[in-house]
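A single structure is presented below for examination.
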Amino acid sequence: MRNGIRYVWVAVALLAVAAPALDAQDLASFSKRLTEHRLDNGLTFLIYERPTAPVVSFFTYVNVGAAQEVPGITGLAHMFEHMAFKGTSTIGTTDWEAERQALARVDQAYHALYRERTRPGGGDPETLARLQKEFEEAQEAADAYIKKNEFGEIIEREGGVGLNAGTGSDQTVYFYSLPANKVELWAYLESERFLDPVLREFYKERDVVMEERRLRTDSQPIGRLIEQFVATAFVAHPYKQPVVGYMSDLESFTREDAEAFYRTHYVPANMVIAIVGDVRAKEIIPILEKYFSRLPAGTPPPPLRTVEPPSIAEKVVRVPDASQPVYLEGYHRPAVTHPDNVVYDAIAEVLSTGRTSRLYRSLVRDKKIAAQVGVFNGFPGDKYPNLILFFAIPSPGHSNEEVQAAIREEIAKISREPITDDELKMVKTRAKAELIRGLDSNPEIASKLAEYQTLFGDWRELFRQVERIDKITKEDIMRVAQATFVPSNRTVAMIVPLDEK
Amino acid sequence: MRTQNRLGVLLLAGALAAPATAQVKHYQEITYPPLPVFSIPKPQVVTLKNGLTVFMLPDRELPLVEVSARIRTGSIYEPPEKAGLARLMGVVQRTGGTARSSGDAIDDFLALRAASIETSVGADSGFASMNCLKGDVAEVLAVFADILRTPAFAEDKLQIAKVQARAAIARRNDNVNAITMRELQRLVYGEDSPLARNEEYATIAAITRDDLVAFHARFYHPNNVYLGVVGDFDPKAMLRLLEQRFGDWPRGQKLDAPAVAYRKHPRPGVFYIEKKDVNQANIVMGHLGIEMRNPDYFAVEVLNEVLGGSFASRMFSNIRSKKGLAYSVYGGVGAGFTAPGVMRAGMQTKLEKMGEAVEALREELAGIITHPPTPEELARAKESILNSFVFNYDSSAKILRQQMLYAYYGLPANFLETYRANIEKVTAADTARVAKAYIKPDQLALLVVGDASRFDRPLSTFGPVTTIDITIPPPPDTSAKIQRSENAAEAGRALLAKVARTLGGADAASVVAISSSATTTVSMGGQFLNLKRSALLVFPDRLRQAVVTPMGEQVMVMDGGQGFMTMGGQVRPLPASMVEKEQEDLRRDLRVLVRYHAEPEMDAVAGGNDEVAGQPCTVLAVTYKGVASQLCVAADGTVLRQTFQGTNPLTRAPGQVELRFSDYRPLDGRQVPHRQVMLVDGEEVMTSTLESWQVNPPVDEALFAKPAA
């Protein structure tokens, strides 16, 4: 069991640097209530004691996302997230032995069906119909042993709230909150679900995910646009893949694929768990040890090899659609761990946060050509080099071309002229205030701790980023803007209304 | 702390030498220590002399202060012809500045301090809030008070808010979920109910700054306001500050909530809205729910938990998990404060499963009545609600918000505490009774949004279908109206005949086809785009238009009631709505008006005198097959201008269109305008210069043939 590094000197340094007028929630006082605890198997816990109310929030951050997928299994990270609610050999089943055999038969039936379906010519219709029937019967037989949604029900019944999970390009996260006296319940459930997951109802859940794809991507003009955009902006890096996966992959990947994916990526060294609320680290660490030491250490997966090559082409994507126009413009930028990360944040702030932002004032207030405009960093993720993304919705009577021109004008300005003193001050004050505001909710604190620990290797970076922002100069902003906002670094995508002449 | 930690852990590690699995309990065997006793902090409540009610709840954890206000107002008070007034007032109250400061100055002031002030107005309440670092409270509160008491409603900010309101209207049919939720609301409450009516271009246009001022003056008085303060502050000092900022705010008339109009009797039936570009059917069924004050509210909460509120719920288990029909399925009896809520159940599913899905939903709703919650379901639902109860008061801000809400709606201050006891009291018989009382399958309005051509069975198998037209009503026509009279009609026909002779020549009424080509300059935000266009019009309604853009050639062909479009090698059929629009455009096309000037379906009425760029002309209102426009005709019979309610060609937005024709040159015995300028809502959008023009060219049928995809 490793101890954390000594950081008292950092707290002192921070106090010396921090502006005296601001009563910031600082690293020193925060650290007093935070305990880092690492198990032998590599799993990291961050426990923050916050006795505001008798509740506790849990956040499990697994360092695997859609970027770890390859063609053929796109959508699998997200699929596994759905699967992680299906239970274990002791939760969600009435008879595990019988169910296990039934599931093996489901796999066999599926493979037979898939083989026939993928024959040249599409397979013999009669055989297909028979195999489909057998597959459905096998599933029904396996379903007979299921105690539906037992995992979620246990949590709900014991007063859990906010039960949810999410998958992105970089990460898969699982979280919920419980009354403060039920930490052991969480420890049991969370350790079991990653020790012994049973991927039951796999093919039915795959249907649900296909529905999700239809709902979020296929049926929404903006969903379609974003998928085309990100696939064009990235030529090599897996960031181009949609998190929900391509339909053809969703129709093809198997339960065995999901199990293999889980064995490769769900190793304790790849996981950080944050626990925030009315707990005492001393009391719960024994419980954490008891339940989570059972996870075998395994072998951490190798890091992603592919790096997006430098962008040499300007790209434009047009999607005709029966919808109002929508405009996207993205530029490649480095990962969140790059020292210039805070400069990109500052650029996005000055350009698009709030009513005083440059894009709002130009496009919405003065020119009145946009109903909405914004800039986002970290698209689609930020662990790897990613995109800084400009987004605008032209207002009625105005076009994509108009908003493009206005956006380019603001980009040129921020690249060529220093921002004002007030703008710089605002960026720095906002960073401090946002940090403080983020500390008023257990789930929020838990998610940030886990995220920063994983991305930076150190949760303290949550506070240090604010310190870095405090050091930004006007020259930094121009330097980064000039290097980033060049045509060969840019991908444009827009919805072109169908009856545009 | 760290060293102690490490030591403590090492000691425990020794104690855990035995294999961990032996000590892991199955969850059913885990025993929980009691939940720490926690008494819900109560805000201090003070009423100022002028009636302003203040709630205060200090919390020293973070150096922040939040002040929020709830005002007795809402869109339920606005006149129907100005739908959107209350909401716009809520928007411009914040952006439009105050007596002391412009909106932009306030934005800068707040941005510099990373503080925020927001205002809004909903159906039955107005809101205002401020959030800042504790050191800035006095300064920010001063601005907050000004915004509440003396907003300036600057005209230019009202215009911006209207632009955004129009944008939202233009987009309101783009998202299928939004359509579904909105239209169900309209079916249940009635389209004219303030709870369901739409903002329209006409209602937005009708709203003036005076309206905003009057609306604010009517409601924003201290005795209509609840104010709450939470965060790191001292109550005595805060009260002094509030007295300073609000003490002299004059009382106003005490207002009672108006009777909110909504459909009291259900309108069951089957309703359909076509949406072609989706893979999913959005299904929802509903009728009125209950009021919050209904003593059955608690039994209904438990019923909702069993029906659709959780993983264990029937709808989730049966429809999502068992049948795999949907990613998202929901159902429950909604409760409202000012009016009953909505009982709704719905889901999204593949188009090809629509029928199956509707059956499944109906089954669940019927099922909860015929097979009410079992003792096991009841126990689980109650446990769920009661065990998670602590989350109702897990932050000071939440506690404060609730207390203000109860006061606002006249619920007892201990509503939260008694809520717990009331849930505990609910029996299986109660849930059976409320299921029967508040879920009425025969009163349901069923709405399906999607593409009927792909349904697994016709929607009519569920009952006679009413199709709802969600076409957005166009903006009001702001062009001058012409008085109709016998003389005017006669003069009109004569004038139109003159136009026809001048522009169409002697054989105007028998021309077969016209082909033309032009260079068009499109102006966009200071930049210009040049396009080469060509058109072939074969009367009465065959049109082929080609545009060469920097991106390639785009061709649109309309042949009677059908059409297609090609762009970049892709061929797409023209949606029916677009064909309709093209046909409508043709009916006011100058070439068509000339060609059919003598037909009985042509209506022409002469108006007064006007001028275009200094040249006098006579107004002529023309309507052909129901499509209207106004011409301005010069003395020599040329048409100088045409105006009509149309659409901006660059976007789909409706607007007032003006075409100006000039540089007339004689060609083949006809006067042909060689320059055309198009303006939309007064702004120049396109200019066209004619390159070539031919009457009765040979028509190559291949030009109208649809290429292979």
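No lab work stands behind these numbers, since they all come straight from the coordinates. In this text, all values refer to a predicted model and were calculated from it rather than measured experimentally. Backbone-built Cβ (ideal geometry, glycine too); neighbour counts: all protein chains shown.
Quick check on region B:267-381: of the DSSP beta bridges with both residues there, what percent are antiparallel, nearest 5%?
90 percent
I'd like the isolated cysteines in chain B, meaning no second cysteine's beta-carbon lies under 4.7 angstrom from theirs.
Lone cysteines by the Cβ rule: B:C132.
Just subtract the alpha-carbon distance of A:A405 and A:D458 from 0.36 nm times their residue separation and send over the number in nm, one decimal.
Using 0.36 nm per residue and subtracting the Cα-Cα distance, I get 15.0 nm.
Placing unit charges on C-beta atoms (Lys and Arg positive, Asp and Glu negative, everything else neutral), compute the dipole magnitude of chain B about its Cα centre in debye, rounded to 20.
1320 debye
May I have the convex hull volume per residue, in Å³, for the Cα set of chain A?
170 Å³
Take the Cβ-Cβ distance between A:T52 and B:I30 as r, set R0 to 30 Å, and report the resulting FRET efficiency rounded to the nearest 0.05.
About 0.75, to the nearest 0.05.
Let me ask something additional. What whole-number value in cubic angstrom gives the convex hull volume per residue for the C-alpha atoms of region B:415-525?
491 Å³
Taking every Cα atom in region A:114-269, find the radius of gyration and the maximum pairwise distance Dmax, and write them in Å.
Answer for region A:114-269, Rg first and Dmax second: 19.1, 60 Å.
Okay, moving on. Pick out, in residue order, every one of the GluC sites (Glu not before Pro) in region B:27-91 that is DSSP loop and has at most 16 other C-beta atoms within 10 Å; say none if there are none.
The qualifying sites are B:E61.
Normalised by the number of residues in region A:114-217, what is the relative contact order in percent for Cα pairs under 8 Å and 6+ residues apart?
With pairs under 8 Å counted, the relative contact order is 15 percent.
Please enumerate, by chain and number, the lysines with C-alpha under 19 Å from the C-alpha of A:K133, excluding those fewer than 8 residues away in the same chain.
In chain and number order, the partners are A:K204, B:K322, B:K323, B:K353.
Also, quick follow-up: For B:K157, list the lysines whose Cα falls under 23 Å from its own Cα; do not include residues on the same chain fewer than 8 positions away.
Candidates past the 8-residue exclusion: A:K367, A:K368, B:K82.
Report the GluC sites (Glu not before Pro) located in region A:275-348 that are in a DSSP loop and have at most 16 other Cβ atoms inside 10 Å of their Cβ, or state none.
A:E314
For the residues A:S399, A:S248, A:S89, what sequence is obtained by ranking on other C-beta atoms within 10 Å, fewest first?
A:S248, A:S89, A:S399
Now for a separate question. Just list whichever of A:K182/A:K290; B:K42/B:K236; B:K162/B:K581; B:K264/B:K436; A:K428/B:K134 have alpha carbons separated by over 21 Å in the model shown.
Exceeds cut-off: B:K162/B:K581.
Across peptide B:383-394, how many C-beta atoms of other chains are within 10 Å of each residue C-beta, on average?
Mean partner-chain Cβ count within 10 Å for B:383-394: 6.
If I take all pairs of Cα atoms in region A:219-281, what percentage of them are more than 19 Å from each other?
Roughly 59 percent, once rounded to a whole number.
Quick one: if the Förster radius is 22 Å, what FRET efficiency do B:A702 and B:E584 give, using the C-beta to C-beta distance and rounding to 0.05?
Computed FRET efficiency for B:A702 and B:E584 comes out at 0.20.
Still on this structure, please answer the following. Please give the peptides B:115-125, A:377-387 ranked by average Cβ packing (other Cβ atoms within 10 Å per residue), highest first, as a rough proxy for protection.
Top to bottom by mean Cβ count within 10 Å: A:377-387, B:115-125.
Are there trypsin sites (Lys or Arg not before Pro) in region B:189-264 that DSSP marks as loop and that have at most 14 other Cβ atoms within 10 Å, and which are they?
B:R251, B:K254, B:K264
Something else now. Among DSSP beta bridges lying fully in chain B, give the percent that are antiparallel, nearest 5.
90 percent
Mind checking the mean number of beta-carbon atoms from other chains within 10 Å of the Cβ atoms in A:423-433?
Counting Cβ atoms of other protein chains within 10 Å of each residue's Cβ and averaging gives 4.
Taking the number of other C-beta atoms within 10 Å as the exposure measure, put A:K471, B:K625 in order starting with the fewest.
With the sparsest Cβ surroundings first, the list reads A:K471, B:K625.
Let me know the Kirkwood hydrodynamic radius for region B:233-316, please, with Cα pairs as the basis and the value in Å to one decimal.
For region B:233-316, inverting the mean 1/r across all distinct Cα pairs yields 19.5 Å.
Further, regarding this structure: Within a 10 angstrom radius of each residue's Cβ in A:47-54, how many Cβ atoms of other chains show up on average? Whole number is fine.
4
Let me ask something else. Report, for the protein assembly as shown, the % of DSSP beta bridges that are antiparallel, rounded to 5.
Percent antiparallel among DSSP bridges in the protein assembly as shown is about 85.
Nearest 0.05, what FRET efficiency do B:E359 and A:E444 give at R0 = 56 Å with Cβ-Cβ as r?
Result of the calculation: an efficiency of 0.85.
On to the next question. Using only the alpha-carbon atoms of the protein assembly as shown as identical scatterers, what base-10 log of I(q)/I(0) does the Debye formula give at q = 0.05, 0.06 Å⁻¹?
After summing over all Cα pairs, the log10 values are -0.41, -0.60.
So how do B:T687, A:T420, B:T98 line up by other beta-carbon neighbours within 10 Å, fewest first?
A:T420, B:T687, B:T98
Measure of size requested: the Rg and Dmax of region B:204-274, with Cα atoms as the atom set and Å as the unit; please supply both.
20.9, 60
Can you give the relative contact order of region B:559-709 as a percent, counting alpha carbon pairs under 8 Å and 6+ residues apart?
Rounded, it is 12 percent for region B:559-709.
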